[in-house]
Each structure stands twice: as structure tokens, then as C-alpha cells.
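The numbers here are math on the coordinates, done by the rules we state, and not lab data. Keep in mind it's a predicted model, so treat the numbers as computed, not measured. Positions of Cβ are backbone-derived with ideal geometry, glycine not excepted, and every protein chain shown enters the neighbour counts.
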Amino acid sequence: MSTRRGFTLIEVTIALVVGGMALSAAVALFTGLGERADQIRAAGARVDRDANAERLLRSLWTNLRPSDDSSPIVSGDSTVVEFSAWCESVEGWLRPCRARLAIDHDGRGSQFTLVLAAAATMTMKFWHRDHGLERIRYLRNAENGGHLVTNWRDIVPPLAIVVIAGTDTVMFPTWR
């Protein structure tokens, strides 16, 4: 009767192949998890950016600044709206500023761009859409379901601006 001490070459080779397969599967799994985590992080950053831009736009719109002369506070058409507002400064007080919300079209779709001009200029790009149905409307009156217009040049601001992106609609009311 012979006693075996050790493994044969075939057994060692099979063990190495099985171990290599398990290791390559683990590497693929961790790589996929890392890529998915990056995608989740990027999606979270987009959601945060969009929410922050919407919050900033709401804040600016509720702080419309009256005009010093007979020029309109708000002017715009279906792709751009410009208005005077009070912007919060880094020091914590409000400063006069000029805001511009525009729809920019590129080869991949459309996105909204908010530009603030005060002591320094700040640009935010948000709400990227790929269907090209983005538009801006102005609420002239709220009776009978409301009357939206595509252009605004009046001295008084509209009751609200309505930002439409495909099937999404966001209304920013004017506080008078």
C-alpha cells in the first residue's frame, strides 16, 4: 500500500485554473461595482445641481428688483428670459444683479443655462433634456385656467414664468 504525500500536477493545475477563474470573476464584479458607483455619484450630482439651480432661480424670481426707470424688470421670449433681481452676496446681504435664463441647443439636446451678472458672473447649466421641446412661457393672467404668452416686454413682471421641458413643467410665481 502506497501513501500519497502531496498533489499531482493535474490537481495543482486544476486548482490554479479554478482559482484564476474565481479571481477574474471577482475583479470583474468589483470593476462593475466601481463603475456603477461612479454612475450613481454622477446621477446624484446632476440631481443636486438641478435642484440647486431650481432653488436659486426660485430665490431670484421671488426677489425681483423694481426698475429705476421705465425699462422692464422682466423681458424675454420663448427661449430666453432676463430680469433684474436681488442676489445674495457671500457676505450675506442682497445686491442688485441681472439674471438670464436661456435654453441652449447642442447636438445632444437642450439644456437650461442660468447666468448671474453682479460683482462677478456665475453660470449654471442644468436640466439637460434630449427631446428639444423646451420653452419658456409667461403668465399674463390667472383667470379661466391662465393665459400664457410667449414674449414679455411689459414694465410690470408677469404673474409667473413657466419653464416647460418636454412633459415637465415648473412654475415660478411672482410675489407682488
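Would you calculate the convex hull of the Cα atoms in the chain and tell me its volume per residue in Å³? Could you put the intermediate results ahead of the total?
Working: hull volume 39.3 nm³, N = 176.
Dividing the Cα hull volume of the chain by its residues yields 224 Å³.
Could you work out the relative contact order of the chain, using alpha carbon pairs under 8 angstrom and six or more residues apart, expressed as a whole percent? Please report the intermediate quantities before stating the final value.
Values: 270 pairs, mean separation 28.5, N = 176.
It comes to 16 percent, rounded to a whole number.
Along the charge dipole of region 9-176, pointing to its positive end and built from +1/-1 on Cβ of Lys, Arg, Asp and Glu, which listed residue (Ile10, His105, Leu139) has its Cα farthest out?
So the residue we want is Leu139.
Helix 9-62 sits at what angle to the longest principal axis of the chain, using alpha carbons and giving 0 to 90 degrees rounded to 10?
So the helix axis and the longest Cα principal axis differ by about 10 degrees.
Picking from Ser70, Val149, Trp86, whose Cα lies most toward the positive end of the charge dipole for region 9-176 (charges on Cβ: Lys, Arg +1; Asp, Glu -1)?
Among Ser70, Val149, Trp86, the one farthest towards the positive end of the dipole of region 9-176 is Ser70.
Using a 7 Å offset from the Cα along the Cα-to-Cβ direction at both Thr169 and Arg49, what is the distance between the two label points in nm, to one decimal?
Between Thr169 and Arg49, the simple spin-label model gives 2.8 nm.
So which residue, out of Arg36, Arg137, Arg153, gets the largest mean-square fluctuation from a GNM of the chain using Cα contacts under 10 Å as springs?
Among Arg36, Arg137, Arg153, the largest GNM mean-square fluctuation belongs to Arg36.
Need one number: nm distance between label points at Glu91 and Ala28, each 7 Å from Cα along Cα→Cβ, rounded to one decimal.
6.2
Subtracting the Cα-Cα distance from 0.36 nm times the residue separation, let me have the gained length for Thr62 to Val80 in nm, one decimal. Please list the in-between numbers first.
Working: separation 18, 0.36 × 18 = 6.48 nm, distance 1.81 nm.
That works out to 4.7 nm of additional length.
Charges only on Cβ, +1 for Lys and Arg, -1 for Asp and Glu: so what's the dipole of the chain about the Cα centre, in debye to the nearest 20?
400
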